[in-house]
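Asks: Okay, handing you the structure first.
The values are calculated or read from the model by the stated rules, or taken from the named source; none is laboratory data. Worth saying up front: this structure is predicted, and the values here are computed from it rather than measured. Note: ideal-geometry Cβ built from the backbone for every residue, glycine included; neighbour counts use all protein chains shown. Remember, those area values only see protein heavy atoms, side chains included, never the ligands or the DNA or RNA. Shrake-Rupley method; radii C 1.70, N 1.55, O 1.52, S 1.80 Å.
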Amino acid sequence: MFMSACEGEGTSSVAASFALIAAGKARKSAWLIDLDFRRNEAYSAFAKGFGKGVGKPGRAYDASLRTDPIYSLVPSVVDEHQRAAERRLLGVHEIKNSRLLVTRFRHEALRKGQKVQLRTRPQWWKRVRSATDWVVVDAPSLSRSQAGLAMASQMDGVFLVLEADSTGAADVIGLRDEIEAHGGRVAGVVMNRIGADARFADRLAG
């Protein structure tokens, strides 16, 4: 999983770029899972044209994987038919000319007043792992959402993304501590758009 302390660090670009690299090396596929269900920024980025030679989203598949999804809706419904439909709100789209699949949550299908809440669901993550070679998770910044913290315990590793010239060391250290407190393991730091202040890495080393 890729996650930042503050907005504007470039986390989604880093996650999408890594997922494309992973898909290029995959035998089956790579899944890019966007935890920001309301914005679906990863899907939108590919729909608008992520980069030269990168395809746009195509066919959608059901991402429920025949188990409880990583979300629940509040208020819930009693009708079994509606409940079955709500389990299929998370789809995964193939990116044309690649082995990459990107999630999209159909937020527009929610009923008036309904809200979506993330759930840990270890069984769902287990099935995703068996369905693909790489699982890359794009989490919204901690300053905007705790979605990444909710899923940290299910990740093999979490990479902190920061803009080297502007992010404060205290913010990054605070994010690291929060992830570890929620059962996650910080695997490394991605220093995005490194500029003149190369000494930032030294401040983190302490």
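Asks: Quick check on segment 77-87. Is at least one of its residues at pLDDT 95 or above and of a type outside the set (A, V, I, L, M)?
Replies: no
Asks: Restricting attention to segment 157-174, which residues are loosely packed, with under 14 Cβ neighbours inside 10 Å and under 14 Å from ALA15 (Cα atoms)?
Replies: Scanning segment 157-174 gives a single hit, GLY157.
Asks: Scanning for something out of contact with any Gly (no Cβ under 7 Å at 6 or more places or on another chain), open to solvent by less than 70 Å² (accessible area, probe 1.4 Å) and closer than 19 Å to LEU118 by Cα, does segment 21-31 turn up at least one residue?
Replies: yes
Asks: For segment 97-119, which residues satisfy the criterion of being within 18 Å of PHE18 (Cβ to Cβ), touching a Leu at 6+ places or on another chain (Cβ under 9 Å) and basic (Lys, Arg)?
Replies: None - no residue of segment 97-119 is within 18 Å of PHE18 (Cβ to Cβ), touching a Leu at 6+ places or on another chain (Cβ under 9 Å) and basic (Lys, Arg), so the list stays empty.
Asks: Next question. Can you pull out every residue in segment 90-109 that is of a type in the set (S, T, N, Q) and within 13 Å of the chain's Cα centre (by Cα)?
Replies: THR103
Asks: If I filter segment 37-59 down to residues being assigned to a loop (DSSP other than H, G, I, E, B) and charged (D, E, K, R), which single residue comes out as farthest from ALA150 (Cα to Cα)?
Replies: LYS52
Asks: Right, something else. Hey, GLY91 hits all of (1) more than 17 Å from LEU65 (Cα to Cα); (2) out of contact with any helix residue (DSSP H, G or I) (no Cβ under 6 Å at 6 or more places or on another chain); (3) among the small types (Gly, Ala, Ser) but one; which does it fall short on?
Replies: The single condition GLY91 does not satisfy is (1).
Asks: Further question: Anything in segment 2-20 that is open to solvent by less than 40 Å² (accessible area, probe 1.4 Å) and at positive phi? List them, or say none.
Replies: Once the filter is applied, which keeps residues that are open to solvent by less than 40 Å² (accessible area, probe 1.4 Å) and at positive phi, segment 2-20 yields only GLY10.
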